[in-house]
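Working notes, structure below.
The values are calculated or read from the model by the stated rules, or taken from the named source; none is laboratory data. Just so we're clear, the structure is a prediction, and the values are computed from it rather than from any experiment. Ideal geometry is used to build each Cβ from the backbone, glycine not excepted, and the neighbour counts take in all protein chains shown.
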Amino acid sequence: MLGVGYGAQHHMLIRQIPAWTASPPVPGRMSRPMNAPASATAAAAMAARPAEEEPLTAARHALQTSILDLHGSAGSLTAYLAAMRLIDSTPTLLAAYLRSVHDHDDEIIEVLARREGVDPVADRRPRVLAAVIGALVFLANKDWQASDTESPEDLAAAFDAYVDAVIPALAGHWT
């Protein structure tokens, strides 16, 4: 039971969240094909990056490519932005979205560990970077939603700006 104020549209969206957690729904449909979840798309893009790229660089380029590929059409982009605004404004949807994102963390962790030749259980770095990537995507999405533009390049630029801030935010004093 979703509670008072939550109709069939909200219930349908909650059921569809796992299918498109990081990419927009296709116009006229609420979900992407179940055989291509967003986490698998992001993980595949990261796995395809050149081996000589450092993990954060590979993640940056994979996410930028995914953003530009998955958000290519204006209708798709508009639907994605509307869905993300609805998710952000509805506690039940936000909880389902965050649960779905969390449920797929292992795919990114496995790719990062495999790329770097480390054990994903014994080495914490893949888990740390996966968590950082998730936070950066969240922050970039928030900035993009609040902006006056809806281009995929703007979303990619917001993500890129947050990636650029990671090392300075973690190392040394800020002043």
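Taking the criterion of being within 20 Å of ALA45 (Cα to Cα) and either at pLDDT 75 or above or out of contact with any helix residue (DSSP H, G or I) (no Cβ under 8 Å at 6 or more places or on another chain) (or both), the only residue of segment 70-79 that qualifies is SER73. Pairs linking a residue in segment 147-159 that is charged (D, E, K, R) to a residue that is in a helix (DSSP H, G or I), with Cβ atoms under 7 Å and 6 or more positions apart or on different chains, are GLU150/LEU77; GLU150/THR78; GLU150/LEU81; ASP154/TRP144. The set of residues from segment 95-118 being modelled with pLDDT of 90 or more and farther than 15 Å from ILE133 by Cα comprises ALA95, ALA96, ARG114, ARG115, GLU116, GLY117, VAL118.
Kindly indicate whether ALA83 is among the hydrophobic types (A, V, I, L, M, F, W, C) and touching a residue at least 24 places away in the same chain (Cβ under 8 Å). So ALA83 passes the test.
Determine whether THR78 is of a type in the set (S, T, N, Q) and under 27 Å from LEU170 (Cβ atoms).
Working: of a type in the set (S, T, N, Q): yes; under 27 Å from LEU170 (Cβ atoms): no.
In short, no.
Residues in segment 118-166 that are touching a helix residue (DSSP H, G or I) at 6+ places or on another chain (Cβ under 6 Å), of a type in the set (Phe, Trp, Tyr) and within 20 Å of HIS102 (Cβ to Cβ): PHE159, TYR162. Can ALA171 be described as of a type in the set (Gly, Ala, Ser), surrounded by fewer than 14 Cβ atoms within 10 Å (Cβ to Cβ) and modelled with pLDDT under 90? The answer is yes for ALA171. ALA113 falls short of the stated requirement of being touching a His at 6+ places or on another chain (Cβ under 9 Å), crowded, with 16+ Cβ neighbours inside 10 Å and within 25 Å of GLU52 (Cα to Cα).
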